[in-house]
Amino acid sequence: MKIITTKLEGCLLLEPSVYTDQRGYFFESFNKKRFNEETGLQVDFVQDNQSFSSRGVIRGLHAQLGEHAQAKLVRVLEGEVIDVAVDARPGSTTFGEYVAVNLSAENRRQLFVPRGFLHGFAVLSETASFFYKCDNYYQKDAEWGVDLLDKDLAIDWQLAPEEMIISDKDLHLPSFKQAIDRYFNK
């Protein structure tokens, strides 16, 4: 496994070692001991989630608050997405900045999104199956999010506006500044 650091502290891109022959390929998608040793983190994933979406669907930007915050290890099983992590940790030197990486079934890359980050993705292929591990259980009451089209964040979702398919819930989320004021500057 190759670990690539991003500009956001703790947010890591992982490339598995893939073994191919005439039968196809094999790779270890996750090994807790190796992950913890090679990243220097102590992460205990407790929940797996999977979604299926069509081209143009954007899911995000979401996170959970306080003791219910989640670190995630995300990957694509089929198709391609642009995956985005936004540093929402007040006091962080990269607060309000984001990374965007292409994840696909073909490149087999995974992104580790630490606790305190907002997360979202946009489907670039005809369809995509998206899979992620979480180190904490989902709690609806702890959920929060940010407008994925926030002008201050200026995320390039690699889709034309007329292609974007966004849930009603996500269309009505506050800006990054409004959300930070609401949840962290009380």
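Using the structure shown, decide if L73 is at negative phi, in a strand (DSSP E or B) and not acidic (D, E).
Considered against the rule, which asks whether it is at negative phi, in a strand (DSSP E or B) and not acidic (D, E), L73 comes out as yes.
Of all positions in the stretch 55-68, at least one carries a residue that is in contact with a helix residue (DSSP H, G or I) (Cβ under 6 Å, 6 or more places away or on another chain), more than 22 Å from Q158 (Cβ to Cβ), at pLDDT 95 or above and not aliphatic (A, V, I, L, M). Within the stretch 1-12, the set of residues being assigned to a loop (DSSP other than H, G, I, E, B) and aliphatic (A, V, I, L, M) comprises M1, L8. Residue count for the stretch 114-158 satisfying the condition of being farther than 17 Å from D83 by Cα and touching a helix residue (DSSP H, G or I) at 6+ places or on another chain (Cβ under 7 Å): 5.
All told, R75 falls short of being modelled with pLDDT of 95 or more, in contact with a Phe, Trp or Tyr (Cβ under 7 Å, 6 or more places away or on another chain), among the basic types (K, R) and over 14 Å from Q110 (Cα atoms). Every residue in the stretch 13-59 that is hydroxyl-bearing (S, T, Y) and part of a strand (DSSP E or B), please. The answer is Y19, T20, Y25, S51, S53, S54.
Out of A142, A105, which single residue is under 18 Å from the mean Cα position of the chain (by Cα), among the hydrophobic types (A, V, I, L, M, F, W, C) and farther than 21 Å from L77 by Cα?
On the way: A105 fails: farther than 21 Å from L77 by Cα.
Of the residues listed, the single one that is under 18 Å from the mean Cα position of the chain (by Cα), among the hydrophobic types (A, V, I, L, M, F, W, C) and farther than 21 Å from L77 by Cα is A142.
Using the structure shown, decide if P161 is in contact with a helix residue (DSSP H, G or I) (Cβ under 8 Å, 6 or more places away or on another chain) and free of Cβ contacts under 8 Å to residues at least 40 places away in the same chain. No. Within the stretch 169-179, does at least one residue satisfy the condition of being closer than 28 Å to S29 by Cα and either modelled with pLDDT of 95 or more or in contact with a helix residue (DSSP H, G or I) (Cβ under 7 Å, 6 or more places away or on another chain) (or both)? The answer is no; no qualifying residue exists. Summed over the stretch 131-186, residues that are within 14 Å of A88 (Cβ to Cβ) and of a type in the set (A, V, I, L, M, F, W, C) total 11. Restricting the stretch 1-55 to residues that are among the small types (G, A, S) and within 19 Å of H119 (Cβ to Cβ) leaves a set whose member that is surrounded by the most Cβ atoms within 10 Å (Cβ to Cβ) is G10. Every condition in (1) farther than 22 Å from L77 by Cα; (2) in contact (Cβ under 8 Å) with a residue 60 or more places away in the chain; (3) among the polar types (S, T, N, Q) is met by S129 except one, and the failing one is (1).
The values are calculated or read from the model by the stated rules, or taken from the named source; none is laboratory data. The shown structure was predicted, so the numbers you read here are calculated from the model rather than taken from an experiment. Cβ atoms come from the backbone with ideal geometry, glycine included; neighbour counts cover every protein chain shown.
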